[in-house]
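Please read the structure below before turning to the comments.
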Amino acid sequence: MGLLYRIALSYEADPALRHELVQDILLAIWVALANFRGEASVKTFAASIAQKRCISHVSKRAREPRQVELSTDLPSAAELPDEQALRNDQKRHLVESIQQLPVPQREAIVLCLEGFSFGEMATILGISPNAVMLRCQRAKATLKAIMEGRS
Amino acid sequence: MREPGFEDLAELWQDSGEGDREVFEAMARRARRKGRLLGYADLAFVLLLVGGILPSIFMAPNAITIVTAILLLIATLWVSWTRRRHRQMAATLNTSDPTAFLESSLANARANLRRVNLSLLVMAPAVVVTIVFKGSQHSRSGIEDLARGIAEWASLPRAWIGLAVVFVLVLALFRSRRRLRMELRQLESLSLDYEREKRRDVGME
């Protein structure tokens, strides 16, 4: 559940459009389930569909995405308000930086952050595990540069 | 403040955008419902149009009505078949890799653009055929009386409602054409991004 939200989050900043995108992803998964042969895990299958729906979403978007303030999460009882505020700020910083990456690097870094193995990522991205590793390295470097540039 | 490492970023990332489980399950249910409804809507569309046209063939007062009704039947079946094929294509796109997906999306967008252009081209003769079809239903002796039949049909409010619907359809097609062109440009730009990234993957850049 969180995986689909987060993949959508990396492509759409507007909460209303993101909600529609998640709905669209779910519909695509439902339609594609008939073709699921169990060659990969359900998580890999769902992530693969979500990535492609997001690419479709990006290509169909009429205008450049609006930069909308990300909603702040409810403060956790375990954390002090200052720490929570700092963490929310870091989250926003990270998400906005990811949204600036070129799409091929963005999909690689999101899968990396989600903890997919290079093998699983290779299945989703349709490239060799070696190429996945290289792409992730480049994506990490670009992300670092964007985050440093923003701060 | 220490600079966050990748593990910290992953933890931060996985803590973002977590939605409400109930909302998510409601969305999943809605998606299933929408998927089924789309299938039923397609079937209802065909049944409605075929059901509306077929009786006029059997109760046809003349040859023109029969010919135009058959033309409209063929057009209806063609449109429905194209829609079904398009949906099946969209479903199979989900299981391919991003490059194949982009290529298919590009082919799809080009095909859609061609379809919209074709629809715009076909629209004018289709309107003429429909007017002749409706006029022929109002004429008593076929071709000789056709002009009077058309005039009689044109005096009905439903004729103007029908023409207004066609006008709205033409506007929608132009809007769709503009969107598809934009989508095609975006897809081509994405495709170039992937090409560049692929060259870098194999160390060619």
Across region B:1-53, which residue is nearest to A:Asp24 (Cα to Cα) among those that are at pLDDT 75 or above and of a type in the set (Phe, Trp, Tyr)?
-> B:Tyr40
If we keep only residues of region B:167-205 that are facing another protein chain (nearest Cβ under 8 Å), in contact (Cβ under 8 Å) with a residue 24 or more places away in the chain and not aromatic (Phe, Trp, Tyr), then the residue surrounded by the fewest Cβ atoms within 10 Å (Cβ to Cβ) is B:Lys198
Of those in region A:14-32 that are touching a helix residue (DSSP H, G or I) at 6+ places or on another chain (Cβ under 6 Å) and within 23 Å of A:Pro102 (Cα to Cα), the residue nearest to the other protein chains (Cβ to nearest Cβ) is A:Val22
Can B:Ala75 be described as part of a helix (DSSP H, G or I), modelled with pLDDT of 80 or more and in contact with an Asp or Glu (Cβ under 8 Å, 6 or more places away or on another chain)?
-> no
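The values are calculated or read from the model by the stated rules, or taken from the named source; none is laboratory data. Worth saying up front: this structure is predicted, and the values here are computed from it rather than measured. Cβ: placed from backbone, ideal geometry, glycine included. Neighbour counts: every protein chain shown.
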